[in-house]
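Presented below is the structure to which this report refers.
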(Lines give C-alpha, C1' and ligand atoms only; values in the text may rest on other atoms or scores of the structure.)
Protein backbone atom coordinates (compact mmCIF):
# COMPACT_ATOMS: atom_id res chain seq x y z
CA UNK A 1 0.00 0.00 0.00
CA UNK A 2 1.32 3.41 -0.93
CA UNK A 3 1.48 5.87 1.91
CA UNK A 4 1.17 9.60 1.42
CA UNK A 5 3.84 11.45 3.34
CA UNK A 6 3.53 15.14 4.16
CA UNK A 7 6.80 17.08 4.37
CA UNK A 8 6.64 19.16 7.57
CA UNK A 9 10.00 20.65 8.54
CA UNK A 10 13.77 20.28 8.31
CA UNK A 11 15.56 18.08 10.82
CA UNK A 12 17.75 21.06 11.66
CA UNK A 13 14.71 22.94 12.94
CA UNK A 14 14.07 20.32 15.61
CA UNK A 15 16.99 19.87 18.01
CA UNK A 16 16.96 17.09 20.63
CA UNK A 17 14.23 17.67 23.21
CA UNK A 18 12.19 19.95 20.91
CA UNK A 19 8.71 19.28 19.58
CA UNK A 20 6.36 21.08 17.22
CA UNK A 21 2.67 20.69 16.53
CA UNK A 22 1.08 20.47 13.05
CA UNK A 23 -2.46 20.14 11.80
CA UNK A 24 -2.92 17.98 8.70
CA UNK A 25 -6.34 17.04 7.35
CA UNK A 26 -7.89 17.42 10.77
CA UNK A 27 -5.15 15.50 12.58
CA UNK A 28 -3.23 17.23 15.37
CA UNK A 29 0.26 15.82 15.09
CA UNK A 30 3.28 16.39 17.27
CA UNK A 31 6.70 15.89 15.70
CA UNK A 32 9.54 15.65 18.17
CA UNK A 33 13.17 14.79 18.65
CA UNK A 34 13.99 12.29 21.39
CA UNK A 35 17.79 12.38 21.72
CA UNK A 36 18.28 12.39 17.97
CA UNK A 37 15.41 10.09 17.12
CA UNK A 38 12.42 11.74 15.44
CA UNK A 39 8.87 10.71 16.25
CA UNK A 40 5.30 11.67 15.37
CA UNK A 41 2.40 11.15 17.77
CA UNK A 42 -1.01 12.69 18.22
CA UNK A 43 -0.69 16.15 19.75
CA UNK A 44 -3.52 15.56 22.20
CA UNK A 45 -2.96 13.94 25.55
CA UNK A 46 -5.34 11.00 25.91
CA UNK A 47 -5.89 11.99 29.54
CA UNK A 48 -7.70 15.34 29.15
CA UNK A 49 -6.93 16.45 25.61
CA UNK A 50 -4.17 18.98 26.35
CA UNK A 51 -1.63 19.64 23.56
CA UNK A 52 1.61 17.75 24.21
CA UNK A 53 3.71 20.32 22.34
CA UNK A 54 6.59 21.56 24.52
CA UNK A 55 6.31 18.66 26.97
CA UNK A 56 9.67 17.52 28.32
CA UNK A 57 11.16 14.67 26.31
CA UNK A 58 13.65 12.51 28.17
CA UNK A 59 14.67 8.87 27.86
CA UNK A 60 12.09 8.28 25.13
CA UNK A 61 9.19 9.61 27.22
CA UNK A 62 7.19 12.80 26.77
CA UNK A 63 5.50 14.34 29.80
CA UNK A 64 2.26 16.23 29.15
CA UNK A 65 2.92 19.84 30.19
CA UNK A 66 -0.61 20.20 31.57
CA UNK A 67 -1.07 17.40 34.12
CA UNK A 68 2.09 15.36 33.72
CA UNK A 69 0.93 12.08 32.17
CA UNK A 70 3.93 10.39 30.53
CA UNK A 71 3.95 8.54 27.20
CA UNK A 72 6.52 6.45 25.36
CA UNK A 73 7.05 8.32 22.09
CA UNK A 74 7.85 5.16 20.13
CA UNK A 75 4.86 3.05 21.15
CA UNK A 76 2.47 5.74 22.36
CA UNK A 77 1.92 3.78 25.57
CA UNK A 78 1.08 5.88 28.61
CA UNK A 79 2.04 5.39 32.23
CA UNK A 80 -0.08 5.08 35.32
CA UNK A 81 -3.77 5.46 36.04
CA UNK A 82 -4.12 8.58 33.88
CA UNK A 83 -2.24 7.13 30.93
CA UNK A 84 -4.29 4.03 30.22
CA UNK A 85 -5.14 5.08 26.65
CA UNK A 86 -2.13 5.13 24.32
CA UNK A 87 -1.29 7.97 21.96
CA UNK A 88 -1.72 7.38 18.27
CA UNK A 89 1.68 7.02 16.61
CA UNK A 90 2.21 8.19 13.02
CA UNK A 91 4.64 6.90 10.43
CA UNK A 92 7.60 9.24 9.96
CA UNK A 93 10.49 9.30 7.54
CA UNK A 94 13.37 11.62 6.77
CA UNK A 95 14.04 12.41 3.12
CA UNK A 96 16.99 14.66 2.28
CA UNK A 97 17.02 16.14 5.76
CA UNK A 98 13.30 16.84 5.69
CA UNK A 99 10.87 15.21 8.13
CA UNK A 100 7.77 13.73 6.52
CA UNK A 101 4.79 12.25 8.29
CA UNK A 102 2.01 10.02 7.04
CA UNK A 103 -1.50 9.99 8.44
CA UNK A 104 -1.37 6.21 8.29
CA UNK A 105 -0.48 4.43 11.45
CA UNK A 106 3.16 3.73 12.06
CA UNK A 107 4.24 0.13 11.57
CA UNK A 108 3.66 -1.81 14.77
CA UNK A 109 6.48 -1.33 17.21
CA UNK A 110 7.30 -4.01 19.66
CA UNK A 111 7.87 -2.38 23.00
CA UNK B 1 33.98 -23.67 70.35
CA UNK B 2 36.92 -21.44 70.94
CA UNK B 3 36.74 -18.92 73.73
CA UNK B 4 36.86 -15.24 72.83
CA UNK B 5 39.89 -13.21 73.81
CA UNK B 6 38.88 -12.31 77.32
CA UNK B 7 41.74 -9.98 77.94
CA UNK B 8 40.66 -7.26 75.54
CA UNK B 9 37.76 -4.83 75.60
CA UNK B 10 34.57 -5.57 73.67
CA UNK B 11 34.92 -4.40 70.08
CA UNK B 12 38.71 -4.20 70.26
CA UNK B 13 39.39 -7.56 68.57
CA UNK B 14 40.35 -7.50 64.88
CA UNK B 15 40.89 -10.08 62.21
CA UNK B 16 44.50 -11.32 62.40
CA UNK B 17 46.84 -10.06 59.72
CA UNK B 18 47.50 -6.62 58.22
CA UNK B 19 44.82 -3.99 58.79
CA UNK B 20 43.12 -2.08 56.01
CA UNK B 21 45.05 1.01 57.06
CA UNK B 22 48.34 -0.94 56.88
CA UNK B 23 47.56 -2.09 53.36
CA UNK B 24 46.51 1.36 52.16
CA UNK B 25 49.67 2.86 53.65
CA UNK B 26 51.68 0.20 51.82
CA UNK B 27 50.30 1.55 48.53
CA UNK B 28 52.85 4.29 49.20
CA UNK B 29 50.82 7.14 47.78
CA UNK B 30 48.80 10.11 48.98
CA UNK B 31 45.64 8.40 50.25
CA UNK B 32 43.46 10.81 52.25
CA UNK B 33 44.51 10.66 55.90
CA UNK B 34 40.97 9.93 57.11
CA UNK B 35 40.94 6.62 55.22
CA UNK B 36 43.78 5.30 57.33
CA UNK B 37 42.44 6.78 60.57
CA UNK B 38 40.09 4.24 62.13
CA UNK B 39 37.08 5.78 63.85
CA UNK B 40 35.43 2.88 65.65
CA UNK B 41 33.99 2.87 69.13
CA UNK B 42 32.11 0.17 70.98
CA UNK B 43 28.45 1.15 71.27
CA UNK B 44 26.91 -1.90 72.90
CA UNK B 45 26.17 -5.55 72.24
CA UNK B 46 22.46 -5.92 73.02
CA UNK B 47 20.31 -7.91 70.61
CA UNK B 48 18.23 -6.00 68.07
CA UNK B 49 14.52 -6.87 68.32
CA UNK B 50 13.07 -8.69 65.31
CA UNK B 51 9.80 -6.79 65.91
CA UNK B 52 11.54 -3.68 64.61
CA UNK B 53 11.49 -5.26 61.16
CA UNK B 54 8.11 -6.92 61.17
CA UNK B 55 5.40 -5.18 63.17
CA UNK B 56 2.85 -2.67 62.00
CA UNK B 57 3.29 -0.78 65.29
CA UNK B 58 6.98 -0.20 64.78
CA UNK B 59 6.42 0.75 61.15
CA UNK B 60 3.81 3.35 62.20
CA UNK B 61 6.27 4.86 64.67
CA UNK B 62 8.86 5.10 61.91
CA UNK B 63 6.33 6.80 59.65
CA UNK B 64 5.51 9.50 62.16
CA UNK B 65 8.79 9.99 63.96
CA UNK B 66 11.42 9.07 61.41
CA UNK B 67 10.23 9.72 57.87
CA UNK B 68 8.37 12.93 58.79
CA UNK B 69 11.33 14.26 60.76
CA UNK B 70 14.52 13.23 58.98
CA UNK B 71 16.44 14.74 56.06
CA UNK B 72 16.09 12.41 53.07
CA UNK B 73 17.14 12.86 49.46
CA UNK B 74 14.24 12.97 47.06
CA UNK B 75 15.94 13.31 43.67
CA UNK B 76 19.11 14.59 42.04
CA UNK B 77 19.45 18.19 40.91
CA UNK B 78 20.05 16.82 37.41
CA UNK B 79 16.49 15.46 37.48
CA UNK B 80 15.19 19.04 37.50
CA UNK B 81 17.76 21.13 35.61
CA UNK B 82 15.45 23.81 34.16
CA UNK B 83 12.70 26.12 35.35
CA UNK B 84 9.42 24.23 35.53
CA UNK B 85 11.09 20.82 35.85
CA UNK B 86 9.46 18.74 38.55
CA UNK B 87 9.97 15.32 40.11
CA UNK B 88 7.48 13.40 42.25
CA UNK B 89 9.05 11.74 45.30
CA UNK B 90 7.26 9.15 47.41
CA UNK B 91 7.97 7.98 50.94
CA UNK B 92 5.59 5.69 52.85
CA UNK B 93 2.18 7.12 51.86
CA UNK B 94 3.41 10.67 51.30
CA UNK B 95 3.97 12.20 47.89
CA UNK B 96 5.98 15.38 47.32
CA UNK B 97 6.55 17.52 44.21
CA UNK B 98 10.08 18.86 43.85
CA UNK B 99 10.11 21.85 41.48
CA UNK B 100 12.75 24.07 39.92
CA UNK B 101 11.34 27.62 39.98
CA UNK B 102 11.94 30.44 37.50
CA UNK B 103 14.87 31.88 39.47
CA UNK B 104 16.53 28.46 39.76
CA UNK B 105 15.70 27.74 43.39
CA UNK B 106 14.20 24.40 44.28
CA UNK B 107 10.86 24.10 46.07
CA UNK B 108 9.09 21.08 47.52
CA UNK B 109 5.32 20.93 48.04
CA UNK B 110 3.02 18.22 49.34
CA UNK B 111 1.57 16.63 46.20
CA UNK B 112 -2.00 17.53 47.04
CA UNK B 113 -4.46 20.12 45.76
CA UNK B 114 -5.63 22.58 48.43
CA UNK B 115 -9.15 22.32 46.98
CA UNK B 116 -10.11 18.66 47.37
CA UNK B 117 -6.78 16.97 47.89
CA UNK B 118 -6.08 15.37 44.50
CA UNK B 119 -2.42 14.80 43.65
CA UNK B 120 -1.24 17.68 41.45
CA UNK B 121 1.12 15.39 39.48
CA UNK B 122 0.86 11.63 38.98
CA UNK B 123 2.78 9.30 41.27
CA UNK B 124 6.20 8.41 39.93
CA UNK B 125 6.16 11.09 37.24
CA UNK B 126 8.62 13.78 36.22
CA UNK B 127 8.47 16.44 33.53
CA UNK B 128 8.23 20.17 32.90
CA UNK B 129 5.27 22.47 33.48
CA UNK B 130 4.68 26.20 33.43
CA UNK B 131 2.60 25.81 36.56
CA UNK B 132 1.06 23.20 38.84
CA UNK B 133 -2.46 22.52 37.73
CA UNK B 134 -4.82 20.08 39.42
CA UNK B 135 -6.25 17.58 36.92
CA UNK B 136 -9.60 17.48 38.75
CA UNK B 137 -11.02 21.06 38.67
CA UNK B 138 -8.06 23.08 37.46
CA UNK B 139 -6.96 24.94 40.59
CA UNK B 140 -3.55 26.22 39.52
CA UNK B 141 -0.43 27.43 41.32
CA UNK B 142 2.75 29.06 40.05
CA UNK B 143 6.02 27.18 40.37
CA UNK B 144 6.71 29.45 43.34
CA UNK B 145 3.53 28.22 45.02
CA UNK B 146 1.22 31.21 44.51
CA UNK B 147 -2.42 30.56 43.67
CA UNK B 148 -2.95 31.75 40.10
CA UNK B 149 -6.27 30.32 38.96
CA UNK B 150 -9.49 29.15 40.52
CA UNK B 151 -12.11 28.15 37.96
CA UNK B 152 -15.46 29.76 38.90
CA UNK B 153 -13.71 32.00 41.33
CA UNK B 154 -17.14 33.56 42.18
CA UNK B 155 -17.92 30.41 44.16
CA UNK B 156 -14.93 30.77 46.48
CA UNK B 157 -15.22 34.20 48.10
CA UNK B 158 -13.85 32.54 51.24
CA UNK B 159 -10.48 31.72 49.69
CA UNK B 160 -7.72 34.11 50.68
CA UNK B 161 -4.99 33.83 48.02
CA UNK B 162 -2.21 34.26 50.57
CA UNK B 163 -3.52 31.43 52.72
CA UNK B 164 -3.92 29.30 49.63
CA UNK B 165 -0.25 29.25 48.73
CA UNK B 166 1.14 25.72 48.39
CA UNK B 167 2.82 24.89 51.69
CA UNK B 168 6.57 24.61 51.16
CA UNK B 169 8.61 21.83 52.75
CA UNK B 170 12.24 22.28 53.75
CA UNK B 171 14.70 21.79 50.87
CA UNK B 172 18.50 21.78 50.88
CA UNK B 173 21.07 20.33 48.49
CA UNK B 174 24.40 18.62 48.82
CA UNK B 175 26.52 16.70 46.34
CA UNK B 176 23.91 17.07 43.60
CA UNK B 177 21.22 15.50 45.80
CA UNK B 178 18.02 17.35 46.66
CA UNK B 179 17.12 16.70 50.29
CA UNK B 180 13.73 17.42 51.81
CA UNK B 181 12.42 17.45 55.33
CA UNK B 182 8.77 17.47 56.39
CA UNK B 183 9.72 18.98 59.74
CA UNK B 184 9.93 22.78 59.95
CA UNK B 185 11.85 22.46 63.20
CA UNK B 186 14.52 20.06 61.91
CA UNK B 187 18.13 21.18 62.31
CA UNK B 188 19.88 22.29 59.09
CA UNK B 189 20.96 19.62 56.62
CA UNK B 190 24.63 20.40 57.35
CA UNK B 191 24.15 19.14 60.88
CA UNK B 192 22.65 15.90 59.59
CA UNK B 193 25.45 15.39 57.04
CA UNK B 194 28.08 15.56 59.77
CA UNK B 195 31.51 14.71 58.43
CA UNK B 196 30.34 13.84 54.90
CA UNK B 197 31.06 17.22 53.23
CA UNK B 198 34.56 17.23 54.70
CA UNK B 199 35.34 13.69 53.52
CA UNK B 200 33.75 14.29 50.11
CA UNK B 201 35.49 17.62 49.53
CA UNK B 202 37.58 16.04 46.76
CA UNK B 203 34.91 13.55 45.66
CA UNK B 204 32.36 15.94 44.20
CA UNK B 205 29.18 13.92 43.60
CA UNK B 206 27.52 16.95 42.00
CA UNK B 207 30.02 16.67 39.15
CA UNK B 208 28.58 13.26 38.26
CA UNK B 209 25.50 12.15 36.38
CA UNK B 210 23.13 9.22 36.77
CA UNK B 211 24.36 6.88 34.07
CA UNK B 212 22.25 3.97 35.28
CA UNK B 213 19.31 3.56 37.61
CA UNK B 214 17.86 0.21 38.64
CA UNK B 215 14.86 0.14 40.94
CA UNK B 216 14.11 -3.22 42.49
CA UNK B 217 11.38 -4.30 44.86
CA UNK B 218 12.84 -6.35 47.71
CA UNK B 219 10.94 -8.79 49.96
CA UNK B 220 12.12 -7.52 53.35
CA UNK B 221 11.90 -4.56 55.67
CA UNK B 222 13.85 -1.52 54.47
CA UNK B 223 16.32 -1.76 57.36
CA UNK B 224 17.12 -5.42 56.70
CA UNK B 225 17.74 -4.57 53.04
CA UNK B 226 20.04 -1.67 53.88
CA UNK B 227 21.88 -3.71 56.51
CA UNK B 228 22.77 -6.35 53.92
CA UNK B 229 25.04 -3.69 52.43
CA UNK B 230 26.58 -2.30 55.63
CA UNK B 231 29.12 -5.01 56.31
CA UNK B 232 31.46 -7.26 54.36
CA UNK B 233 31.24 -10.03 56.97
CA UNK B 234 28.79 -11.78 54.59
CA UNK B 235 31.21 -11.88 51.65
CA UNK B 236 32.79 -15.25 52.45
CA UNK B 237 29.46 -17.08 52.58
CA UNK B 238 27.35 -15.00 50.19
CA UNK B 239 29.91 -14.13 47.50
CA UNK B 240 32.50 -16.94 47.64
CA UNK B 241 33.48 -16.30 44.01
CA UNK B 242 35.31 -13.09 44.91
CA UNK B 243 37.43 -13.88 47.94
CA UNK B 244 40.72 -14.05 46.06
CA UNK B 245 40.53 -10.35 45.25
CA UNK B 246 38.77 -8.74 48.21
CA UNK B 247 39.95 -8.32 51.75
CA UNK B 248 36.68 -9.03 53.55
CA UNK B 249 37.39 -9.85 57.17
CA UNK B 250 39.96 -7.09 57.45
CA UNK B 251 37.59 -4.37 56.23
CA UNK B 252 37.71 -1.22 58.31
CA UNK B 253 34.48 0.01 59.94
CA UNK B 254 34.05 3.57 61.11
CA UNK B 255 31.20 5.49 62.69
CA UNK B 256 30.98 9.28 62.74
CA UNK B 257 28.47 10.91 65.06
CA UNK B 258 24.96 9.47 64.79
CA UNK B 259 24.27 9.81 61.09
CA UNK B 260 27.33 8.72 59.12
CA UNK B 261 29.25 5.45 58.96
CA UNK B 262 31.75 3.90 56.59
CA UNK B 263 33.49 0.76 55.62
CA UNK B 264 36.71 0.54 53.65
CA UNK B 265 36.72 -2.79 51.86
CA UNK B 266 39.93 -3.62 50.05
CA UNK B 267 40.08 -4.69 46.42
CA UNK B 268 43.16 -6.42 45.08
CA UNK B 269 44.03 -8.05 48.37
CA UNK B 270 43.05 -11.65 49.13
CA UNK B 271 40.66 -12.54 51.90
CA UNK B 272 42.35 -13.31 55.23
CA UNK B 273 40.19 -16.44 55.22
CA UNK B 274 42.32 -17.93 52.45
CA UNK B 275 45.28 -19.94 53.63
CA UNK B 276 47.10 -20.26 50.36
CA UNK B 277 49.55 -17.60 49.26
CA UNK B 278 48.90 -15.64 46.08
CA UNK B 279 51.56 -13.82 44.13
CA UNK B 280 50.81 -10.22 43.15
CA UNK B 281 50.58 -11.39 39.55
CA UNK B 282 48.02 -14.05 40.47
CA UNK B 283 45.91 -11.43 42.28
CA UNK B 284 46.11 -9.10 39.30
CA UNK B 285 45.14 -11.92 36.94
CA UNK B 286 42.13 -12.68 39.14
CA UNK B 287 41.12 -9.00 39.19
CA UNK B 288 41.37 -8.78 35.43
CA UNK B 289 39.31 -11.93 34.98
CA UNK B 290 36.46 -10.59 37.12
CA UNK B 291 33.94 -8.10 35.95
CA UNK B 292 34.02 -6.10 39.13
CA UNK B 293 31.90 -3.27 37.91
CA UNK B 294 30.08 -2.01 34.89
CA UNK B 295 32.13 -0.68 32.04
CA UNK B 296 35.15 -2.40 33.43
CA UNK B 297 34.36 -6.07 33.10
CA UNK B 298 34.83 -6.57 29.41
CA UNK B 299 37.15 -3.65 29.04
CA UNK B 300 39.66 -4.91 31.53
CA UNK B 301 40.92 -7.73 29.44
CA UNK B 302 39.49 -6.55 26.16
CA UNK B 303 41.16 -3.21 25.87
CA UNK B 304 44.65 -4.47 26.58
CA UNK B 305 46.82 -4.42 23.53
CA UNK B 306 46.90 -8.06 22.44
CA UNK B 307 50.49 -7.63 21.34
CA UNK B 308 51.38 -6.50 24.83
CA UNK B 309 49.77 -9.61 26.33
CA UNK B 310 48.37 -9.71 29.81
CA UNK B 311 48.84 -6.87 32.25
CA UNK B 312 51.96 -7.43 34.33
CA UNK B 313 52.80 -6.35 37.84
CA UNK B 314 56.15 -4.58 37.46
CA UNK B 315 59.12 -5.61 39.58
CA UNK B 316 58.55 -4.44 43.13
CA UNK B 317 54.98 -3.34 42.36
CA UNK B 318 51.67 -4.66 43.63
CA UNK B 319 48.47 -5.88 42.05
CA UNK B 320 46.62 -2.98 43.70
CA UNK B 321 48.92 -0.34 42.21
CA UNK B 322 48.97 -1.94 38.77
CA UNK B 323 45.20 -2.43 38.68
CA UNK B 324 44.58 1.14 39.87
CA UNK B 325 46.79 2.68 37.21
CA UNK B 326 45.20 0.51 34.56
CA UNK B 327 41.71 1.59 35.62
CA UNK B 328 42.67 5.25 35.78
CA UNK B 329 43.84 5.08 32.19
CA UNK B 330 40.94 3.02 30.92
CA UNK B 331 38.17 4.98 32.63
CA UNK B 332 39.99 8.23 31.89
CA UNK B 333 39.71 7.43 28.21
CA UNK B 334 36.09 6.33 28.56
CA UNK B 335 35.02 9.52 30.36
CA UNK B 336 37.45 12.00 28.81
CA UNK B 337 38.94 12.78 32.23
CA UNK B 338 42.31 12.64 33.91
CA UNK B 339 42.16 10.38 36.97
CA UNK B 340 45.91 10.05 37.48
CA UNK B 341 45.78 12.20 40.63
CA UNK B 342 43.76 9.57 42.52
CA UNK B 343 45.40 7.36 45.11
CA UNK B 344 45.13 3.59 44.76
CA UNK B 345 42.45 3.27 47.43
CA UNK B 346 40.36 6.10 45.92
CA UNK B 347 40.58 4.29 42.60
CA UNK B 348 39.78 0.66 43.41
CA UNK B 349 38.57 0.10 46.98
CA UNK B 350 34.93 -0.28 47.97
CA UNK B 351 34.68 2.73 50.25
CA UNK B 352 31.07 2.92 51.34
CA UNK B 353 29.55 5.72 53.38
CA UNK B 354 26.09 5.37 54.87
CA UNK B 355 24.03 8.45 55.58
CA UNK B 356 21.18 7.92 58.01
CA UNK B 357 18.57 6.72 57.46
CA UNK B 358 18.65 4.99 54.10
CA UNK B 359 21.49 5.91 51.74
CA UNK B 360 24.92 4.54 50.82
CA UNK B 361 27.43 6.54 48.79
CA UNK B 362 30.64 5.25 47.19
CA UNK B 363 33.35 7.74 46.26
CA UNK B 364 35.93 5.55 44.52
CA UNK B 365 36.39 5.34 40.77
CA UNK B 366 35.68 1.61 40.48
CA UNK B 367 32.44 1.86 42.50
CA UNK B 368 30.02 4.44 41.09
CA UNK B 369 27.07 3.29 43.19
CA UNK B 370 24.49 5.03 45.29
CA UNK B 371 21.99 2.92 47.22
CA UNK B 372 18.71 4.04 48.70
CA UNK B 373 16.20 1.88 50.56
CA UNK B 374 12.65 3.13 51.09
CA UNK B 375 9.68 1.33 52.60
CA UNK B 376 7.34 0.19 49.86
CA UNK B 377 4.31 2.33 50.72
CA UNK B 378 2.90 1.13 54.01
CA UNK B 379 4.32 -2.38 53.88
CA UNK B 380 6.85 -3.31 56.60
CA UNK B 381 7.69 -6.50 54.65
CA UNK B 382 8.87 -4.96 51.36
CA UNK B 383 11.25 -2.25 50.29
CA UNK B 384 12.13 -0.20 47.21
CA UNK B 385 15.83 -0.40 46.39
CA UNK B 386 17.19 2.36 44.15
CA UNK B 387 20.60 1.58 42.70
CA UNK B 388 22.20 4.50 40.88
CA UNK B 389 25.51 4.57 39.06
CA UNK B 390 26.94 8.08 39.21
CA UNK B 391 29.59 8.49 36.54
CA UNK B 392 31.94 11.42 35.99
CA UNK B 393 30.67 14.21 33.77
CA UNK B 394 32.79 14.52 30.65
CA UNK B 395 35.16 17.50 30.61
CA UNK B 396 33.22 18.82 27.60
CA UNK B 397 30.70 20.10 30.15
CA UNK B 398 27.87 18.36 28.35
CA UNK B 399 25.50 16.83 30.88
CA UNK B 400 23.72 13.70 29.68
CA UNK B 401 20.11 13.19 30.75
CA UNK B 402 19.87 11.12 33.92
CA UNK B 403 18.86 7.52 33.24
CA UNK B 404 15.26 6.45 33.67
CA UNK B 405 14.85 3.78 36.38
CA UNK B 406 14.84 0.23 35.04
CA UNK B 407 12.33 -1.55 37.24
CA UNK B 408 12.77 -5.07 38.61
CA UNK B 409 10.07 -6.87 40.55
CA UNK B 410 10.75 -9.08 43.56
CA UNK B 411 11.27 -12.22 41.48
CA UNK B 412 13.46 -10.63 38.81
CA UNK B 413 17.22 -10.90 38.53
CA UNK B 414 19.79 -8.15 38.02
CA UNK B 415 20.86 -10.20 35.02
CA UNK B 416 17.69 -8.93 33.33
CA UNK B 417 18.95 -5.33 33.31
CA UNK B 418 20.23 -4.62 29.78
CA UNK B 419 23.97 -4.00 29.74
CA UNK B 420 24.48 -4.78 33.43
CA UNK B 421 27.80 -6.47 34.12
CA UNK B 422 27.07 -10.19 34.71
CA UNK B 423 29.58 -10.52 37.54
CA UNK B 424 28.03 -7.60 39.36
CA UNK B 425 24.51 -8.85 38.63
CA UNK B 426 25.39 -12.12 40.34
CA UNK B 427 26.67 -10.22 43.38
CA UNK B 428 23.44 -8.20 43.68
CA UNK B 429 21.33 -11.31 43.14
CA UNK B 430 23.26 -13.01 45.93
CA UNK B 431 22.88 -9.97 48.21
CA UNK B 432 19.15 -9.69 47.64
CA UNK B 433 18.50 -13.43 47.44
CA UNK B 434 18.87 -13.90 51.19
CA UNK B 435 16.38 -11.21 52.10
CA UNK B 436 13.13 -13.10 51.86
CA UNK B 437 14.58 -15.82 54.04
CA UNK B 438 15.66 -13.25 56.58
CA UNK B 439 12.31 -11.47 56.72
CA UNK B 440 10.53 -14.81 57.15
CA UNK B 441 13.13 -15.96 59.63
CA UNK B 442 12.48 -12.88 61.77
CA UNK B 443 8.92 -14.10 62.18
CA UNK B 444 9.78 -17.73 62.87
CA UNK B 445 12.38 -17.13 65.53
CA UNK B 446 11.85 -18.09 69.15
CA UNK B 447 14.75 -15.79 70.00
CA UNK B 448 13.64 -12.18 70.36
CA UNK B 449 16.23 -10.48 68.24
CA UNK B 450 19.42 -10.57 66.20
CA UNK B 451 22.91 -10.68 67.69
CA UNK B 452 25.51 -8.45 66.04
CA UNK B 453 29.27 -8.66 65.76
CA UNK B 454 30.86 -5.91 67.84
CA UNK B 455 33.11 -4.61 65.10
CA UNK B 456 32.00 -5.78 61.68
CA UNK B 457 28.34 -5.01 62.34
CA UNK B 458 28.73 -1.78 64.26
CA UNK B 459 27.19 0.25 61.45
CA UNK B 460 23.96 -1.71 61.84
CA UNK B 461 23.97 -0.96 65.55
CA UNK B 462 24.55 2.73 64.87
CA UNK B 463 21.54 2.73 62.51
CA UNK B 464 19.29 1.33 65.23
CA UNK B 465 20.64 3.65 67.92
CA UNK B 466 19.97 6.69 65.76
CA UNK B 467 16.57 5.37 64.80
CA UNK B 468 15.77 4.99 68.50
CA UNK B 469 16.83 8.57 69.11
CA UNK B 470 14.33 9.71 66.47
CA UNK B 471 11.56 7.52 67.87
CA UNK B 472 12.11 8.88 71.38
CA UNK B 473 11.65 12.52 70.26
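Brief remarks on what is shown
- Residues that are in contact with a strand residue (DSSP E or B) (Cβ under 9 Å, 6 or more places away or on another chain), within 13 Å of residue A:86 (Cα to Cα) and within 9 Å of chain B (Cβ to nearest Cβ), drawn from region A:35-62: A:47, A:61, A:62
- Here residue B:347 fulfils each of the conditions (1) at pLDDT 95 or above; (2) more than 24 Å from residue B:460 (Cα to Cα); (3) surrounded by fewer than 22 Cβ atoms within 10 Å (Cβ to Cβ) apart from (3).
- Any chance residue B:259 is touching a strand residue (DSSP E or B) at 6+ places or on another chain (Cβ under 7 Å) and either crowded, with 20+ Cβ neighbours inside 10 Å or within 30 Å of residue B:443 (Cα to Cα) (or both): yes
- From B:401, B:421, residue being at pLDDT below 95, within 30 Å of residue A:36 (Cα to Cα) and away from every other protein chain (no Cβ under 14 Å): B:421
- Count - residues of region B:431-443 that are at pLDDT below 95 and crowded, with 18+ Cβ neighbours inside 10 Å: 2
- Residues of region B:405-457 that turn out to be out of contact with any helix residue (DSSP H, G or I) (no Cβ under 7 Å at 6 or more places or on another chain) and part of a helix (DSSP H, G or I), as a count: 11
- Here residue A:27 meets each of (1) away from chain B (no Cβ under 13 Å); (2) touching a helix residue (DSSP H, G or I) at 6+ places or on another chain (Cβ under 7 Å) with one exception, condition (2).
- Single residue of region B:21-48 satisfying the filter (touching a residue at least 40 places away in the same chain (Cβ under 8 Å) and assigned to a helix (DSSP H, G or I)) that is surrounded by the most Cβ atoms within 10 Å (Cβ to Cβ): B:24
- Pairs, first within 8 Å of chain B (Cβ to nearest Cβ) and surrounded by fewer than 18 Cβ atoms within 10 Å (Cβ to Cβ) in region A:68-85, second part of a loop (DSSP other than H, G, I, E, B) and modelled with pLDDT of 95 or more, C-beta under 6 Å, six or more apart: A:80/B:122
- Here is the figure for region A:86-108: residues that are at pLDDT 95 or above and exposed (fewer than 15 other Cβ atoms within 10 Å of the Cβ) total 5.
- All conditions in (1) more than 30 Å from residue B:80 (Cβ to Cβ); (2) surrounded by fewer than 15 Cβ atoms within 10 Å (Cβ to Cβ); (3) out of contact with any strand residue (DSSP E or B) (no Cβ under 9 Å at 6 or more places or on another chain); (4) modelled with pLDDT of 95 or more hold for residue B:451, with the sole exception of (3).
- Test: residue in region A:92-110 that is within 13 Å of another protein chain (Cβ to nearest Cβ), within 12 Å of the chain's Cα centre (by Cα) and outside any loop (DSSP other than H, G, I, E, B): no
The values are calculated or read from the model by the stated rules, or taken from the named source; none is laboratory data. The model shown is predicted, which means the values in this text are computed figures rather than measured ones. Every residue, glycine among them, receives a Cβ derived from its backbone with ideal geometry; neighbour counts consider all protein chains shown.
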